[in-house]
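Report on one structure; see the data block that follows.
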Amino acid sequence: MEASKEKLAYGEVSTMERNGIGILIYDTKDEAGTRVIFLVKDGKAVMIEHPGFKKNITELSAYLEKQDFSVVSKLVSYHAAGASFLPDAEVCMTESARAYNDDGVGAQLVEDFASIYGFTFDDDLVRPDRILPAGETEIAGIRLEIVPVAEAFEIVIPEANAVYMHMLGHDSHSIVFGVEGAESEVRRLQGYLDRGIDLFLSSHHDPEGREDVDVKIAYLNDLKEIAATCRTCEQFASKVLMKYNGYDGKNFVEMSSWFFFDLEREGRLDTSVVIRFYARGQLELLRV
């Protein structure tokens, strides 16, 4: 997965080519570690996810003006803030993503970002011009497969033998929604491996390969085994952090612990409340 890199004032652009599909990834270096992905073919491009901070919107807009392709569509799954970016491009979502970003957890998180970062964050949400059904579609001449998930959607890119998922990271913790959530993610990851996919893109990590996904699957299975040896959230978080002390995203471990215990065993917490509570706490720490 060799890629050329270009540092900008705020973020960094990585580019690679896979079977005639250009892949451009803008790492915003923002407070959420967001990546914006472009798929390019024959002078047209599809964008995956949005930049939310105004400095990144300005920088990326200026960068794109110098490129030899035009962005015709935006596939917005989890990152709907930043409507001032490429406002004329078609916005595509699944129904699940529309609900997530209109009045679900996604909309709540945008409110929290705006309350913390004020005018530096573009909290204007994009609205879908087109609702995508599950299955194969073609946008800007690129064949795609839309895979709806509980909150939004994933995207298979057959021509590049690649898939986009929201949160991966072989060396990063991520939000895991208890035993069922871990098992669901393992099934999806293994399913992509079984299809022969060898490039895994995400909006919070650099591109990864099959060996990285094997590591992630082992991690998810291990979380279930660790949970089986614990009686409390605190025990679980402590054991996970001790075993994986070199991983990024330590705040996600405590969040995940609530799902493995309170939600799994007692059913007394609302998923959106937990995510919003911990996201807000992390934002406060970042601001300080």
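Assorted remarks:
- Count of residues meeting criterion [touching a residue at least 60 places away in the same chain (Cβ under 8 Å) and within 15 Å of the chain's Cα centre (by Cα)] in the stretch 94-118: 2
- Qualifying position, being more than 23 Å from HIS79 (Cα to Cα) and touching a strand residue (DSSP E or B) at 6+ places or on another chain (Cβ under 6 Å), among ILE197, ILE155, ILE217: ILE197
- Residue in the stretch 80-97 that is surrounded by 23 or more Cβ atoms within 10 Å (Cβ to Cβ) and of a type in the set (D, E, K, R) present: no
- Residue within the stretch 119-140 that is within 16 Å of the chain's Cα centre (by Cα), open to solvent by less than 30 Å² (accessible area, probe 1.4 Å) and either within 27 Å of VAL176 (Cα to Cα) or of a type in the set (D, E, K, R) (or both) present: no
- Filtered residue count, the stretch 77-89, keeping only those that are out of contact with any Lys or Arg (no Cβ under 9 Å at 6 or more places or on another chain), touching a residue at least 24 places away in the same chain (Cβ under 8 Å) and either not small (Gly, Ala, Ser) or not in a loop (DSSP other than H, G, I, E, B) (or both): 3
- Qualifying residue in the stretch 208-218 (condition: crowded, with 18+ Cβ neighbours inside 10 Å and not in a helix (DSSP H, G or I)): yes
The values are calculated or read from the model by the stated rules, or taken from the named source; none is laboratory data. The structure presented is a predicted model; accordingly, all values stated were derived computationally and were not measured. Note that each Cβ is placed from the backbone with ideal geometry, even for glycine, and that neighbours are counted across all protein chains shown. For accessibility, only protein heavy atoms count, side chains too; no ligands or nucleic acids. Shrake-Rupley method; radii C 1.70, N 1.55, O 1.52, S 1.80 Å.
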